[in-house]
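The values are calculated or read from the model by the stated rules, or taken from the named source; none is laboratory data. Here the structure is a predicted model, which is why all the values come from computation and not from measurement. Glycine gets a Cβ as well: all are built from the backbone with ideal geometry, and neighbour counts include every protein chain shown. Areas reflect the complete protein model, heavy atoms only, side chains present, ligands, DNA and RNA absent. Shrake-Rupley method; radii C 1.70, N 1.55, O 1.52, S 1.80 Å.
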Amino acid sequence: MSGRRWQRLILPSFLALPVLALLLGLGSWQVQRLAWKNGLLAELAAAQAAAPISAPLAPEPFAHITATGRFRPGAEALLGLEVRGPVLGGSLIAVLDREGAPPLLVERGWVPMEGGAIERPEGEVTVTGFARPSERRSPFAAADDVAGRRFLTFDAPAIAAALGVPEAPPYALTVIRPGAPRGPSGFGAAPPPSRGPLPDAATGFPAPNNPHLGYALTWFGLAAAWVAIFALWAFRRMRSP
């Protein structure tokens, strides 16, 4: 009789095990993502702490770089859409002509779509920030307005071609606001508005959110709850006549 009762659990166990394996697999995946994100954050912190180097043709992503040259008049594009207060704007991409080196895309900072007193230096300038790598265009991304020089994806070669500098390296120097605290700024989070002139440059290196520990604990907690629920159900199933 006892053996027959155990047989009642065979089929439910086969149905429950895949769910448990899925929950444990998702938890393990988040642990791997946590290790990757911690490594990325450490690399970003090290890059920001390092002294800036002259902008090379192919820097490491988010390397601390600097460049000297002159901004090409009229060679500008707008990247992304971001609302600050009641004002819609985006990041101003400009072309920096360098002596003895290819022109460089420079992400100068946020500007409003319309209006605003935007500074456009005419002489030689030195800009410092981090190397922003080109992004892979998503198949679901909205189309860019190439003729109007308004882009929603940071496709560096496409922006460079639209600005007449196809020879520019496939990245941009994202300017960090002079005198800004040496701390990271979040991806997708608008930095506090500057009271100075426009463009409103970034306040630090990017710092992606790192919620993976919480996600891992959630999946492992669900797995433990699943085991507890199944054990309680099996106990009652075994005791029923």
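Key figures
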quantity	calculated
Total residues in region 142-169, condition part of a loop (DSSP other than H, G, I, E, B) and either among the aliphatic types (A, V, I, L, M) or loosely packed, with under 15 Cβ neighbours inside 10 Å (or both)	12
Close pairs from region 60-81: first under 19 Å from Ala158 (Cα atoms) and free of Cβ contacts under 8 Å to residues at least 24 places away in the same chain, partner open to solvent by less than 30 Å² (accessible area, probe 1.4 Å) and assigned to a strand (DSSP E or B), Cβ under 9 Å, at least 6 apart	none
Residue check for Arg136: within 23 Å of the chain's Cα centre (by Cα) and either surrounded by fewer than 21 Cβ atoms within 10 Å (Cβ to Cβ) or among the hydroxyl-bearing types (Ser, Thr, Tyr) (or both)	yes
Residue check, Val111 surrounded by 14 or more Cβ atoms within 10 Å (Cβ to Cβ), closer than 14 Å to Ala172 by Cα and either in contact (Cβ under 8 Å) with a residue 60 or more places away in the chain or in contact with a Ser or Thr (Cβ under 7 Å, 6 or more places away or on another chain) (or both)	no
